[in-house]
Each structure stands twice: as structure tokens, then as C-alpha cells.
Amino acid sequence: MLLEKAPAKINLSLDVLYKRDDGFHEIEMVMTTIDLSDHIELTPLKENVIKIISENRYVPNDSRNLAFQAAAKFKERFQIKKGVAIKINKQVPVAAGLAGGSSDAAAVLRGLNKMWQLQKPFEQLASIGAEIGSDVPFCIYGGTALAKGRGERLTELTPPPSCWVVLAKPSIGVSTKTVYEQLNLQHVQHPNTEEMVQSLKHEDYDRMCNHMGNVLESVTCKLHPEILQLKEHMRRAGADSVLMSGSGPTVFGLTRQETRAERIYNSLRGFCQEVYVVRMLGKPLELA
Ligand code: ATP
């Protein structure tokens, strides 16, 4: 049996530039992995099948699961005629804007590469990942990166300055597809991605906080105004900067002080069911 961690990500900035002729959106995202992970257990099977085992009722256990799709594509690409059981121990909230499913898929690609001893480079795993979802290539490497195109053109970035991340997920589900459909690019405030990249390069915490932005926030907040209340609550509790991750609904706040992180956490409990305090992982995952 092989164990692989699947860490969640947050978006420090997310911009949508335009809708392309192929129907996809051209995006620019600065992402970083956090210390909140699903645990994936891979067990080889003699029979040529893919089995998903999950006790979370929101996670499908058939071919709709991104982890299943990852295994199927991996087997097809490398002509593997063996089977695998994939047990998903879910810790990352589902449909939350934290790329939980994408990270599971990436962990399966990394894990199968080890389990079947193929030693394929991460670039090949990322190219399989790009066929599954736009966040999967980033999740193969983890760490901190700028993602362009549909998410597949990645540039590694300096990890963010050390800080605490307080996450709060309201108990509403958000469909990424609906959010993109309702996005009107004429009426949004675009974040300055280059400023975010420079703030990381110069390890400037305040500049990073000042340039956090997510073009999808206005759409999701219009659908679910409680997200705005949650943001305001976090700010009042002492977060230096607050942003919605991905298409939401999870909101995160940053602080450099552990005591303040605890204060924000405590003030949110009772207001929101799912609250976490985590660190950023910063560095990319190892190719072991
Ligand atoms: P992103 O930030 O990449 O948009 P997300 O965090 O909003 O992703 P996920 O947790 O990946 O969303 O789940 C979105 C949907 O995908 C769920 O509603 C679920 O039905 C489906 N899904 C498929 N595979 C998985 C998986 N392994 N874990 C969680 N959800 C999965």
C-alpha cells in the first residue's frame, strides 16, 4: 500500500482575462498549497479495475471522481494492465474552492508513478492532469506558482512570507461552472497579478496583502451575500487581508501572529461550522 498526501490550495490572486475562441477562459492565478490535506491510499489489485473507496457522502465513488479519472488516464497513457484501489480519506472541504478533487487526482498520478515504478517526470504527469481539470497541473507540483492559459502554463514563484491562514467555509455549495457563466468581464475589478508576483519575489508581506484579489468574488458574493459578512467578520477579528479562494465559498484571512490567528479562529466558531487554522506549505512537493 502507498500513501500520498493531497494538499489543498488557496488563490492569492485570480484573474480572468477573456473568453477564448475555444470556449475556455484565459486565466492568471497565483496559487499556494496549504497544510490541509486529503490522504490517498493506493493498493495494487491483480484484477484490471479501478476501485474508489470513500466514506464522504459528497464524494462520488465512480468515474465522476477525479481520482478515478486520473487513474484511468494514467493507465491508458502508459498502457498499464493492472488495477488499483484508491481510498480517499477526505479532510479538505468538498466544492469549496480549495481544489480538493484536483489535488486528489494529482496525488493519484504521483502515487501510481511510484507504485508502478515508472519514474515519469512531473511534466508528463501534469500534461495528463491538464486533461482532467485546470487546477490539476499545479497540484502535481504544489508549492507556489503563477498559472496561465487554462491553468497549465506554470511558473514557480518564491513562497509567500511566513504567516498563518485562517479558513472558513460557509455551508453552501458553489458550482464553479455557474460562477464562470455569470462572470461579466466588463464589470469586474481585475487584480494586479504582476504586483502579487513582485510582492512574493521581494518577500513583502504587506504588499502581498494589499494585492490579494479574486475576480470571481463579486459573482459568488452576489449569489451568496453571507460570504461578504464572513469577510467582514474576519477583518474585524484582526486578519490583515481576507479573500475568497477559487470560485468559493471558502474565505481565508492572513495574519503573522499565532495569537491573532487563534483569536480569529475562536471568533468564527459558532458563526461558521468549518473553520481551520493552517500554515502555507510554500515549497514544491518532492519527486520521490
Ligand atoms: P476548484 O477549487 O478546483 O474549483 P473545488 O474545491 O471547488 O475545486 P472539489 O472539492 O474539487 O471543488 O469538488 C467539486 C465537485 O467535484 C464535487 O461536488 C464532487 O461531486 C466532485 N468530485 C469529483 N471527485 C472528487 C474528489 N476526489 N473529491 C471531492 N470532490 C470530487
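The values are calculated or read from the model by the stated rules, or taken from the named source; none is laboratory data. Keep in mind that this is a model prediction, so the values were computed, not measured. Cβ coordinates were reconstructed from backbone atoms using ideal geometry, including for glycine residues, and neighbour counts include every protein chain displayed. Each accessible area value is taken on the protein alone, full model and side chains, heavy atoms only, with ligands, DNA and RNA left out. Shrake-Rupley method; radii C 1.70, N 1.55, O 1.52, S 1.80 Å.
Residue by residue, here is whether (1) open to solvent by 10 Å² or more (accessible area, probe 1.4 Å); (2) part of a loop (DSSP other than H, G, I, E, B); (3) not acidic (Asp, Glu) holds:
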{"site": "70", "(1), (2), (3)": "no, no, yes"}
{"site": "76", "(1), (2), (3)": "yes, no, no"}
{"site": "84", "(1), (2), (3)": "no, no, yes"}
{"site": "94", "(1), (2), (3)": "yes, yes, yes"}
{"site": "98", "(1), (2), (3)": "no, yes, yes"}
{"site": "104", "(1), (2), (3)": "no, no, no"}
{"site": "108", "(1), (2), (3)": "no, no, yes"}
inquiry  = I need every pair where a residue in region 168-189 that is within 14 Å of the ligand (Cβ to nearest atom) has its Cβ under 6 Å from the Cβ of a residue that is open to solvent by 30 Å² or more (accessible area, probe 1.4 Å) and of a type in the set (D, E, K, R), sequence separation at least 6 or different chains.
reply    = 169/274; 170/226
ask   = Between residues in region 47-73 that are touching a residue at least 40 places away in the same chain (Cβ under 8 Å) and residues that are surrounded by fewer than 19 Cβ atoms within 10 Å (Cβ to Cβ) and among the acidic types (Asp, Glu), which pairs lie under 9 Å by C-beta distance while being six or more apart or on different chains?
value = 69/131; 73/131
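Please enumerate the residues belonging to region 211-235 that are farther than 26 Å from residue 180 by Cβ and in contact with a helix residue (DSSP H, G or I) (Cβ under 8 Å, 6 or more places away or on another chain). Step through it out loud before you land on a result.
Of the residues in region 211-235, the ones farther than 26 Å from residue 180 by Cβ are 233, 235.
Within region 211-235, 233 is the sole residue that qualifies.
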message = Test of understanding: among 207, 150, which residue is basic (Lys, Arg) and either under 29 Å from residue 131 (Cα atoms) or in contact (Cβ under 8 Å) with a residue 40 or more places away in the chain (or both)?
response = 150
Subset of region 263-281 [under 19 Å from residue 38 (Cβ atoms) and either open to solvent by less than 50 Å² (accessible area, probe 1.4 Å) or in contact with a Lys or Arg (Cβ under 6 Å, 6 or more places away or on another chain) (or both)] = 274, 275, 278, 280
remark   = Exactly one of 43, 33 is part of a strand (DSSP E or B), within 14 Å of the ligand (Cβ to nearest atom) and among the polar types (S, T, N, Q), and that residue is 33
request  = Among what's in region 88-105 and is within 17 Å of residue 62 (Cβ to Cβ) and more than 6 Å from the ligand (Cβ to nearest atom), pick the residue that is farthest from the chain's Cα centre (by Cα).
outcome  = 90
